[in-house]
Amino acid sequence: MSLETGNFFRWKLLLIMTTTEQINPATSQIDQLPTLEALQVINSEDKKVAEAVEKVLPAVAKAVDGIVERLQRGGRLFYVGTGTSGRLGVLDASECPPTFGVSPEMVQGIIAGGYEACYRSIEASEDDREAGATDLQAKKLTAHDVVVGIAASGRTPYTIGAVEYARSIGALTACVTCNQNTELARAVEIPIEPVPGPEVIAGSTRLKSGTAQKLVLNMLSTLTMVRLGYVTGNRMTNLQTRNIKLRQRAIGIVVAECGVTEMEAAGTLEAADWDLRVAIVMLHAGAAADEARAALDRSGYVIRAAVESIVRT
């Protein structure tokens, strides 16, 4: 058997074994269906995603606990991926500062090919195994950090190279993949493997696989921030009020959290320079803006801890 023939059969075997590349019999005639029926088929397939994620919740919980432990010690969380998976990581990371008021350094997305790959396909970059490690080295990755590799197929060289390097220096490693028993899963400490089945359009992992990955990333970042104290009850009490909509939301949060009128909430927010965290501490602790801000600084901007530190003194 020639080398070329051997490679052909190896690639064919990989396609057969990989769920994300298989043909979905439920959608084999989607190109011939009326629009509404085609949409109903897609919707039916999408319903399988949440069920797939439900099955891996214990692994998600393990990852959250590990991430929280590292971030509490000053570590950072890195999402690493290529193509759709990389874009989802960048998206989730970019939402953390405005939603939870944390530094952009705390959660970062790294995508093969750089941020240009967020809006332009640079698919060849995913085959560079060494580049995954190099990009983490550029971030000065340490053993205090966490790296989550994201790859629907579970076999992307760039992402595997990244997590292998991260693990070699003692960083905590996890992955989100939509196939089971993959090379990526074997390379990390905490594999998260929701398998929603073959895609509506064969191999188009921006569909069910992308949705599954998005759900898992939402859980990882959201519950991590809850555990770190950046959410009070179920309110985004650390959000940054950078526009009119967010200022209106901040007023509503202060009203609900502190039991004051909208006018009192708006007045306190103005006194706090529209820093929602400062306003809530001011009202809960009966403190001036400067005292509230100092307490927040000491507590790492965890509102509950800041209030308790003022009340105790």
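The values are calculated or read from the model by the stated rules, or taken from the named source; none is laboratory data. On a predicted model such as this, the values are computed, not experimentally measured, just so you know. Note that each Cβ is placed from the backbone with ideal geometry, even for glycine, and that neighbours are counted across all protein chains shown.
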Given the options 227, 235, name the one that is within 24 Å of the chain's Cα centre (by Cα) and in contact (Cβ under 8 Å) with a residue 40 or more places away in the chain. 227
Scanning the stretch 264-298 residue by residue, the ones that are touching a residue at least 24 places away in the same chain (Cβ under 8 Å) and of a type in the set (Ser, Thr, Tyr) total 0
Does the stretch 158-179 contain any residue that is over 30 Å from residue 55 (Cβ atoms), assigned by TED's automatic domain parsing to the domain that holds residue 205, free of Cβ contacts under 8 Å to residues at least 12 places away in the same chain and of a type in the set (A, V, I, L, M)? no
So residue 152 fits all but one of (1) surrounded by 20 or more Cβ atoms within 10 Å (Cβ to Cβ); (2) in a loop (DSSP other than H, G, I, E, B); (3) over 20 Å from the mean Cα position of the chain (by Cα); what number is the exception? (3)
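Tell me yes or no: at least one residue of the stretch 216-234 is among the charged types (D, E, K, R) and either buried (at least 17 other Cβ atoms within 10 Å of the Cβ) or assigned to a loop (DSSP other than H, G, I, E, B) (or both).
no
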Report yes if residue 205 is crowded, with 20+ Cβ neighbours inside 10 Å, under 30 Å from residue 155 (Cα atoms) and either assigned by TED's automatic domain parsing to the domain that holds residue 174 or of a type in the set (Gly, Ala, Ser) (or both), otherwise no. yes
Subset of the stretch 41-54, residues surrounded by 12 or more Cβ atoms within 10 Å (Cβ to Cβ) and over 13 Å from residue 215 (Cα atoms), comes to 41, 42, 44, 45
Selection over the stretch 88-101 where residues are at pLDDT below 95, of a type outside the set (Phe, Trp, Tyr) and buried (at least 20 other Cβ atoms within 10 Å of the Cβ) yields a count of 1
Filter the stretch 102-130 down to residues that are within 30 Å of residue 235 (Cβ to Cβ) and of a type in the set (A, V, I, L, M) and give me whichever is modelled with the lowest pLDDT. 102
Of the residues in the stretch 221-251, how many are closer than 20 Å to residue 149 by Cα and out of contact with any Asp or Glu (no Cβ under 8 Å at 6 or more places or on another chain)? 4
Which residues, taken from the stretch 58-71, are of a type outside the set (D, E, K, R) and either surrounded by 24 or more Cβ atoms within 10 Å (Cβ to Cβ) or farther than 19 Å from residue 139 by Cα (or both)? 58, 59, 60, 61, 63, 64, 66, 67, 68
With the structure loaded, tell me whether residue 290 is modelled with pLDDT under 95, of a type in the set (Asp, Glu), farther than 30 Å from residue 62 by Cβ and in a helix (DSSP H, G or I) or whether it fails that test. no
Looking at 254, 163, which is the one that is more than 24 Å from residue 94 (Cα to Cα), modelled with pLDDT of 95 or more, in contact with a helix residue (DSSP H, G or I) (Cβ under 7 Å, 6 or more places away or on another chain) and in a helix (DSSP H, G or I)? 254
